[in-house]
1. List every residue pair whose Cβ atoms lie under 7 Å apart, where the two residues are 6 or more positions apart in sequence or sit on different chains, the first residue falls within the stretch 294-321 and is over 13 Å from Val334 (Cα atoms) and modelled with pLDDT of 90 or more, and the second residue, located anywhere, is surrounded by fewer than 18 Cβ atoms within 10 Å (Cβ to Cβ) and small (Gly, Ala, Ser).
2. Given the conditions (1) at pLDDT 90 or above; (2) not in a loop (DSSP other than H, G, I, E, B), report the number of the one that Ala158 does not fulfil.
3. So which residues in the stretch 29-54 are farther than 15 Å from Ile126 by Cβ and not polar (S, T, N, Q)?
4. Residues of the stretch 272-293 being out of contact with any Gly (no Cβ under 7 Å at 6 or more places or on another chain), in contact (Cβ under 8 Å) with a residue 24 or more places away in the chain and not in a strand (DSSP E or B), which ones?
5. Is there a residue in the stretch 73-93 that is among the aliphatic types (A, V, I, L, M) and touching a Lys or Arg at 6+ places or on another chain (Cβ under 9 Å)?
6. Name, by its number, the condition in (1) closer than 24 Å to Lys206 by Cβ; (2) at pLDDT 95 or above; (3) out of contact with any helix residue (DSSP H, G or I) (no Cβ under 6 Å at 6 or more places or on another chain) that does not hold for Ala14.
7. Please specify each residue of the stretch 17-40 satisfying the condition of being modelled with pLDDT of 90 or more and among the small types (Gly, Ala, Ser).
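The values are calculated or read from the model by the stated rules, or taken from the named source; none is laboratory data. Predicted model, so just to flag it, every value in this text is computed and none were measured. So basically every Cβ, Gly included, is an ideal-geometry build from the backbone, and we count neighbours across all protein chains shown.
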Amino acid sequence: MSKPILVIKFGSAAITKPNGELNPLVMVEIARQVAQLYNDYHVVIVSSGAVAAGKQYIRNYAGEIAQRKAAAAIGNLLLLNKYAQFFAPYEIPVAQSLCERGHFANRDQFLQMKETFQELWENGIIPIVNENDVVSSLELKFSDNDELATLIAVGFGADTLMLCTSVGGLMDDQGQIIPQVEQVKDVFKYARTDKSSVGLGGMTSKLTFAKLAMRMGIRTIIFGMKEKDGILRAFEEKTGTVFAAQESTLSSRNRWLGSGSLVAGKLKIDAGAAAALQNRKSLLAVGITEVEGEFEAGEAVEIVDENLNTVAVGKAKESSVVILLNLKKQNFEVANANDIVLL
């Protein structure tokens, strides 16, 4: 594509008032600042806020599933109309894209979605993305929009992923924002486990997906909108927390496999198999100690080590039933090295 891709995610707490109403002052600023990046980047805005904006119209709202879906049906319209209104002065049209987890699990559906986004960009249109809460099932829903934004960034090969937070970045023990992070594992201890009253995610969520994006070669920035020019200054690495991109040579297919595919099961492996994977070897049945879930040949599986740390995602060559029957068989290949993405 002619331009690099920039994915920016805004949570419910960032764009709504405490009562859940959309905050026009923030959304005006989003449009103004994104408009300054628009000519140089293909922009995707991943925006929460539909449920928060729509729940005021649901009588006796108590957060039940049906009520959340109804609130989303109302709120999605309100959300998109506001974005369209605030981008209009810059002559930037917007489009709505409601995604489900399955759109990333099926490679053909994912490629169709990617082609649609490319068509929108070629016509100067910014996609406004949110989860399709109206129809998404609990089993297949995104953990939060941090995940959705990361899957888009990784799957589309984005240059930069920006995740907005109410605190403006990752803070250390003294409450100071950490400006640069090279290894995410070193800073998980600073993550607060609380989250906003209107959102699903939190700092732990953002760190988890920042870690994935970094490994996939994407610069990731956690920032806030409370200071002047929050987006632009964070993009220039003058504020917020920047997670440096690591070198990645993965193909687009393997990026999709490593981040966007819907995992159907789990394989626990021994230390020898874990070492073999690190040396880019295929996964053999003799190295598997446990098989969890039921899956068919060709489906994606999570591969964990003896301590249950996720080490890879792979495309299974055989079904879970066949693998269980051949665990002791020598040279029985469960996943080829070309179909395994180390995480």
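1. Sorted first by the residue in the stretch 294-321, then by its partner, the pairs are Glu306/Ala271.
2. (2)
3. Looking only at the stretch 29-54, we keep the residues that are farther than 15 Å from Ile126 by Cβ, and these are 29, 48-54.
Within the stretch 29-54, Glu29, Gly49, Ala50, Val51, Ala52, Ala53, Gly54 meet the criteria.
4. Ala274, Leu277, Gln278, Arg280, Lys281, Ser282, Ala285, Val286
5. Yes, the conditions are met somewhere in the stretch 73-93.
6. (2)
7. Ala31, Ala35, listed by residue number.
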